[in-house]
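Please read the structure below before turning to the comments.
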Amino acid sequence: MTKADIVERIYERARASKKDASEVVDLVFELIKACLEKGEKVKLSGFGNFVVHEKRPRKGRNPQTGAEIIISGRRVLSFKASQVLKSTINGGSLSAKTADLESATLRGPSQ
C-alpha cells in the first residue's frame, strides 16, 4: 500500500475531497515524523509503537584490509506491532503462547 492508496481510501470512506484527504495524510505523517525527530515514542493504540534508539559508536573492521575502524553512533527507528495487530494479521486469533499466558492469568496461581 502506498501513500496514494491511503489517500484514495480516506477519500472513499470519509467522503472528503481528495485534496483534504491528502492534507490529512500528510499532516499525520508530519506529526509522527516530528515526534520521532525529537526522540519521542509514538504509540498508536491497536497498531503499535515507533521508538528511536540511540546506538553508540563501536569498533568494526574493514573486511578488505582488516583495519580497525570506528563506526559512528546513530539513531535507528524500530517498530513493535501491538497484540491487536498481531492477532488480526494471524487470522483474528491470539497465538497459542499468548492464549496460554492469558488463560493462566485468568485462572490465577496454580495450587
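Below 12 angstrom from the Cβ of GLU68, what's the summed charge of the other residues (Lys, Arg +1; Asp, Glu -1)?
+3
Considering only the other residues whose Cβ falls under 9 Å of the Cβ of ASN49, what net charge follows from Lys and Arg at +1 and Asp and Glu at -1?
Net charge around ASN49: +3.
Just the projected area, averaged over all directions, of the convex hull on the alpha carbon atoms of the stretch 1-57: how many nm²?
5.1 nm²
Is there a pair in LYS55/LYS86; LYS19/LYS43; LYS55/LYS80; LYS3/LYS55; LYS43/LYS86 whose C-alpha atoms are over 21 Å apart, and which pairs would that be?
LYS55/LYS86; LYS19/LYS43; LYS3/LYS55
Just grab the label-to-label distance for SER17 and GLU40, each label 7 Å out from Cα along the Cβ direction, in nm (one decimal).
Roughly 3.0 nm, to one decimal.
Where a number appears in this text, it was derived from the coordinates with a stated rule and is not lab data. Since this is a predicted model, take the numbers as computed values, not measurements. A quick note on method: Cβ atoms are made from the backbone with ideal geometry, for glycine too, and the neighbour counts reach across all protein chains shown.
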